[in-house]
1. Measure of size requested: the Rg and Dmax of the chain, with Cα atoms as the atom set and Å as the unit; please supply both.
2. When averaged across all projection directions, what area in nm² does the alpha-carbon convex hull of the stretch 29-69 cover?
3. Rounded to a whole number, what % of the accessible area of the chain do carbon and sulfur atoms account for, probe 1.4 Å?
4. Once amide H atoms are placed 1.01 Å from N in the peptide plane, what residues at a sequence separation of 5 or more from TYR16, or on another chain, have their amide H within under 5 Å of its amide H?
5. How high is the relative contact order of the chain, given as a whole-number percent (alpha carbon pairs under 8 Å, six or more residues apart)?
6. What distance in nm lies between label points placed 7 Å from Cα along the C-beta direction at ALA58 and GLN46?
7. What accessible area per residue comes out for the chain, rounded to a whole number of Å², with a 1.4 Å probe?
Amino acid sequence: MQEVVVPCPACGKTAYQAPERPATLGEMVGSQCPHCGHALTKPELQKHFQEQILKEAAALLSRMPQRKF
């Protein structure tokens, strides 16, 4: 597992950090940013992880050899 770092949508600083992914997204919902006090919502967290998945997929695809037909 990799470290989880979620930026705060309000201030941009680290709002949630854990050494490993929690078992559920629900464990992170409602976590408050230590810098501005913004509480993370489920849609914000879903958007963050969707973006992370897309970045990881793009990185994997860019490393794959290109076939020419």
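1. Both quantities, over Cα of the chain: 15.2, 54 Å.
2. Details: hull surface 16.7 nm².
Mean shadow area of the hull around the Cα atoms is 4.2 nm².
3. Numbers: 2980 of 5370 Å².
About 56 percent, which is the carbon plus sulfur part of the accessible surface.
4. Correct list: VAL6.
5. Numbers: 73 pairs, mean separation 15.3, N = 69.
Relative contact order here is 22 percent.
6. The two pseudo-label positions are separated by 2.2 nm.
7. On the way: 5370 Å² over 69 residues.
Spelled out: the 1.4 Å probe surface of the chain, per residue, equals 78 Å².
The values are calculated or read from the model by the stated rules, or taken from the named source; none is laboratory data. Keep in mind that what you see is a predicted model, and the values were worked out from it rather than measured. Here the Cβ is made from the backbone with ideal geometry for all residues, glycine too, and neighbour counts use every protein chain on show. These accessible areas exclude ligands, DNA and RNA; they are computed on the full protein's heavy atoms, side chains included. Shrake-Rupley method; radii C 1.70, N 1.55, O 1.52, S 1.80 Å.
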